[in-house]
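Asker: Take a look at this one; I'll ask things after.
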Amino acid sequence: TVIVQFQREETAIMAGRGAGTVFLVGLAVVETLIIIVVGTPLGLGCGWLMVRLMGQTSGFLNFVSRPDFPVSINGVNVRLLVAALALLMAARIAPTLSAARRSVVTHLRERGRQVNTSAAVKLAIDVPLIVLTAYAFRRLRLQDVPSLIRVDSTTDFLQDPLLLLAPLLCVFTAALVLAHIFPLIMRPLDALSRRLPWVSLYVGVRRLYGQSGQYTNALFLVIICLSLGAFYSSMALSVDRWMHDRQYYAVGADFTFKQGVDTTPGLDGQSSSAVG
């Protein structure tokens, strides 16, 4: 949708010069096929290299030299790969069909007079998500958190999916709210840029404010990706430290003493052995 959104004017010009819907859809199909042909081997190759790199880790972002980890692409799920590529094709064609029905005049009118989503609709979406996110973290605060990570835990936390979805729900809600308030953030910046002597800065901020609706989708995706990356990085580091502490503090002492029987030939009786 983001790609087609930035190509609407080009699509409208081609449609106005006689290009039919079949031609525009065929052009989108060819572009997507080129991306698939080039990107699929690169994706599989990068995945193979990443697995090889993971085999050289001893902890979170700690690398050591060890024999190569056996890696093979025989485990690739072909059906899942084909389904993902088909979904990519559908996601590329669907907005193209919508853009191909608009003329240049319609496109310029929509761009000049953008119909933004009303504040009531945004509040109707954001407020329930914020309440649900706050409720999920309230449940986490009341829950016995160590019982969620103990291997021998008997707590069936799968009965309450909010305990698992709370972090992802927080990321999604925060990204959606920030995308919705992006025009409000750009309004004072637009007023400030008018008083600055730099024309390029004024034009750039003015464009972001005047056509903020075109950037909300891209902004939402960027926030989602960066937030999930930071979350999973923090979670991996926390789990790494937790596993280290779990092994190091398995016994709460530097030395332990065990009562046993000395099995040395020719000696009878009991003795105490120290285990460090």
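Quick note: the coordinates plus some simple rules give every number you see, no bench work behind them. Here the structure is a predicted model, which is why all the values come from computation and not from measurement. No Cβ is skipped: glycine too gets one built from the backbone with ideal geometry, and neighbour counts run over all protein chains shown.
Asker: Mind ranking 132-142, 175-185 by how tightly packed they are, going by the mean number of other C-beta atoms within 10 angstrom, highest first?
Answerer: The densest-packed peptide leads the list: 175-185, 132-142.
Asker: Show me the ranking of peptides 75-85, 11-21 by mean Cβ neighbours inside 10 Å, starting with the highest.
Answerer: The densest-packed peptide leads the list: 11-21, 75-85.
Asker: Suppose the chain between ARG206 and VAL239 were pulled fully straight at 0.36 nm per residue; how much longer would it get relative to their current alpha carbon spacing?
Answerer: The ARG206-VAL239 span can extend by a further 7.4 nm.
Asker: Please grab the % of Cα pairs in the stretch 15-79 that end up more than 15 Å from each other. Working shown, then result.
Answerer: Numbers: 1435 of 2080 pairs.
In whole percent, the share of Cα-Cα pairs in the stretch 15-79 beyond 15 Å is 69.
Asker: Please give the length that would be gained between VAL38 and LEU81 if that part of the chain were fully extended, namely 0.36 nm times their separation in residues minus their C-alpha to C-alpha distance (nm, one decimal).
Answerer: 14.0 nm
Asker: For the pair ALA91 and LEU196, how long in nm is the line joining their label points, each one 7 Å along Cα→Cβ?
Answerer: Between ALA91 and LEU196, the label points sit 3.4 nm apart.
Asker: Now a separate question. Which FRET efficiency value, to the nearest 0.05, do you get for ILE181 and ARG141 by plugging their Cβ-Cβ distance into 1/(1 + (r/R0)^6) with R0 = 22 Å?
Answerer: 0.25
Asker: LEU49 to LEU123: extension gain in nm, 0.36 nm per residue of separation minus the Cα-Cα distance?
Answerer: This chain segment gains 22.2 nm when fully extended.
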